[in-house]
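Working notes, structure below.
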Amino acid sequence: MDNKNMSASASLRIDGDRLWRSLMELGAIGATPKGGVCRLALSDLDKQGRDLVSSWAGEVGMSVTVDQIGNIFMRRPGRDNALPPVVTGSHIDTQPTGGKFDGNYGVLAGLEVVRTLNQHGIETETPIEVAVWTNEEGSRFVPVMMGSGVFCGAFTLEHAYAATDTDGKNVKDELERIGYAGQQRCGDHPIGAYYEAHIEQGPVLEHADVVIGVVPAVLGQAWYDCTVSGFESHAGPTPMESRKDALQLATYIMQEVVAIAKRHGPYGRGTVGFVQVMPNSRNVIPGEVKFSVDMRNVSDATLDAMTAELGTYVAKLRAASGMGIVLQQVSYFPPCPFHPTCVTEIRAAATLLGYTTMDVVSGAGHDAIYAARVAPAGMIFVPCKDGVSHNEIEDAKPEHLAAGANVLLHAMLASAVVVK
Ligand SMILES: [Zn+2]
């Protein structure tokens, strides 16, 4: 890119009003009375949403292909179409009481990037694609992030096809029914770089009054079940020194979970969200307590250190108390650091455009996590009102959505390389 092109592209901006109108038009499909959207994966409404977005892609000259899990790829050719495309995207399925912006924003911001490039006659070296990933939410069908998961090899197409909803309808039949069981083999499609714009779904940006969140990573998660065994007896006659109170012992562990997370800041998270007390009776000393432990952090090293400290603490407490404590890991999702090049491009684009930025790790899952397994990937966050998402009242400001799309535009152009 020579200097002339660099200065020409630096002034380039997307059309925020056009982006907003598209968001509202897509949001009307499955609109709920409280201003949200209910557009469950592979429903009739999902089909209507897919048809609308695909028709918009056709209007701006993009080719549209669908793979076997129903992921839609809308492609704008580059100068060298043998090169892997620079891809952006997200999802348009929603929660039953979802909002207009979660996912939808990432897809329509991508479409707005292409509309802007067309409007200004800008050609790129590599093709540009906008992906609509199937069933990100995991509300109707599990696993979540299904389309991107199959695409990136996290699980098989057969596994995804067999998932059923509460009515017993499976993914394969529903894809065929709505006409989105495509021919393209999943993953048969190299990606040069992947960017995803998304509302933050948390309060950090809004509290800091910052417009662009640069996402260095998604937190990894280690989940445990813990069982503490004591001895049930009468709350009155049993002296304090001869009790085996499972709940009292469990509270030490619960406090330690939080203390460990605080010791491993700023990204450490420690939560006990589920507790069962047996027999759960006012005047009986608890004989058994089961509870969940959810620990998160940004790197393998910090998450490993947290889980090791929990293990050591439990072993010491078991020895000191003489009571039974069983700690069992039930799932583990590794931390997902995004690619330094993509993170740098996002930060550089935001700086170029004069937006305030800060690093915000993602505590929630996104399609970009799976994309990061097959390509350099990065994410852009914009604020959402009160940090609320997965709720009909989910809201975001047009100027913030425009800012995120502008950052997406310039980060994608840096990776796709402007030739004209
Ligand atoms: Zn989402």
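The values are calculated or read from the model by the stated rules, or taken from the named source; none is laboratory data. Every value quoted in this text rests on a predicted model; they were computed, and no experiment measured them. Counting neighbours? That spans all protein chains shown, and the Cβs are built from the backbone with ideal geometry, glycine included. Quick note on the areas: whole protein, heavy atoms, side chains included, nothing else; ligands and nucleic acids left out. Shrake-Rupley method; radii C 1.70, N 1.55, O 1.52, S 1.80 Å.
Within the range 273-296, take every residue that is buried (at least 16 other Cβ atoms within 10 Å of the Cβ) and within 22 Å of the chain's Cα centre (by Cα) and give me the one that is nearest to Thr307 (Cα to Cα).
As a first pass, look at the range 273-296 and keep what is buried (at least 16 other Cβ atoms within 10 Å of the Cβ): 277-278, 285-296.
Next, only the ones that are within 22 Å of the chain's Cα centre (by Cα) stay: 293-296.
Numbers: Val293: 10, Asp294: 10, Met295: 8, Arg296: 9 Å.
Out of the qualifying residues, it is Met295.
Please state which of the following conditions Gly153 fails to meet, knowing it meets all the rest: (1) among the small types (Gly, Ala, Ser); (2) under 21 Å from His366 (Cβ atoms); (3) touching a strand residue (DSSP E or B) at 6+ places or on another chain (Cβ under 9 Å).
(3)
Pick out the one residue from Glu136, Glu123 that is modelled with pLDDT of 95 or more, touching a Gly at 6+ places or on another chain (Cβ under 9 Å), more than 23 Å from Leu401 (Cα to Cα) and of a type in the set (Asp, Glu). Even if it seems obvious, please write down each step before you answer.
Numbers: Glu136 fails: more than 23 Å from Leu401 (Cα to Cα).
That would be Glu123, the only listed residue that is modelled with pLDDT of 95 or more, touching a Gly at 6+ places or on another chain (Cβ under 9 Å), more than 23 Å from Leu401 (Cα to Cα) and of a type in the set (Asp, Glu).
Being in contact (Cβ under 8 Å) with a residue 24 or more places away in the chain and either of a type in the set (Phe, Trp, Tyr) or open to solvent by 50 Å² or more (accessible area, probe 1.4 Å) (or both) is the filter here, so list the residues in the range 41-67 that pass it.
Within the range 41-67, Asp44, Lys47, Trp56, Gly61, Thr65 qualify.
Only one of Leu117, Leu52, Leu108 is away from the ligand (no atom under 16 Å from the Cβ) and under 27 Å from Gln183 (Cβ atoms); which?
On the way: Leu117 fails: under 27 Å from Gln183 (Cβ atoms); Leu108 fails: away from the ligand (no atom under 16 Å from the Cβ).
Checking each option against the conditions leaves just Leu52.
Name the pairs: first residue in the range 12-34 and farther than 24 Å from Asp44 by Cβ, second residue hydrophobic (A, V, I, L, M, F, W, C), Cβ to Cβ under 6 Å, at least 6 apart or on different chains?
So the pair list comes out as Ile14/Ala405; Ile14/Leu409; Gly16/Ala402; Leu19/Ala405.
Looking only at residues in the range 82-99 that are assigned to a loop (DSSP other than H, G, I, E, B) and crowded, with 24+ Cβ neighbours inside 10 Å, which one is nearest to the ligand (Cβ to nearest atom)?
Initially, the range 82-99 is screened for residues assigned to a loop (DSSP other than H, G, I, E, B), giving 82-85, 91-97, 99.
Now restrict to residues that are crowded, with 24+ Cβ neighbours inside 10 Å: 85, 91-94, 99.
Details: Pro85: 22, His91: 6, Ile92: 10, Asp93: 9, Thr94: 9, Gly99: 10 Å.
Filtering the range 82-99 for residues that are assigned to a loop (DSSP other than H, G, I, E, B) and crowded, with 24+ Cβ neighbours inside 10 Å, the one nearest to the ligand (Cβ to nearest atom) comes out as His91.
Which fully enclosed helices (runs of 4 or more DSSP H) of the range 303-420 have 1 or more residues being within 16 Å of the ligand (Cβ to nearest atom) and closer than 24 Å to Met24 by Cα? Working first, answer last.
Values: elements: 340-352, 367-374, 398-416.
The helices (runs of 4 or more DSSP H) meeting that bar are 367-374, 398-416.
From the set of residues in the range 113-135 that are open to solvent by less than 30 Å² (accessible area, probe 1.4 Å) and part of a helix (DSSP H, G or I), which is nearest to Val60 (Cα to Cα)?
Going residue by residue through the range 113-135, those that are open to solvent by less than 30 Å² (accessible area, probe 1.4 Å) are 113-114, 116-117, 122, 124, 126-135.
Checking the rest, the ones that are also part of a helix (DSSP H, G or I) come to 113-114, 116-117.
Details: Val113: 11, Val114: 8, Thr116: 10, Leu117: 10 Å.
Only one residue fits best here, namely Val114.
Name the residue that is farthest from Ala414 (Cα to Cα), counting only residues in the range 141-173 that are open to solvent by 30 Å² or more (accessible area, probe 1.4 Å) and aliphatic (A, V, I, L, M). Working first, answer last.
Kept after step one, since they are open to solvent by 30 Å² or more (accessible area, probe 1.4 Å), are these residues of the range 141-173: 142, 144, 153-156, 158-159, 161-162, 164, 166-170, 172-173.
With the extra rule that they be aliphatic (A, V, I, L, M), the set shrinks to 142, 144, 154, 162.
Working: Val142: 36, Val144: 31, Ala154: 29, Ala162: 40 Å.
Per the criteria, the residue is Ala162.
Inside the range 122-163, can you point out the residues that are hydroxyl-bearing (Ser, Thr, Tyr) and within 22 Å of the chain's Cα centre (by Cα)?
Selection gives Thr134, Ser139, Ser148, Thr156, Tyr161.
Could you give me the residue pairs with C-beta distances under 8 Å whose first residue belongs to the range 325-344 and is farther than 16 Å from Met306 by Cα, whose second residue is open to solvent by 80 Å² or more (accessible area, probe 1.4 Å) and outside any strand (DSSP E or B) wherever it lies, and which are 6+ apart or on separate chains?
Ile325/Arg318
Can you name every residue in the range 174-217 that is over 21 Å from the mean Cα position of the chain (by Cα), aliphatic (A, V, I, L, M) and buried (at least 20 other Cβ atoms within 10 Å of the Cβ)?
Leu175
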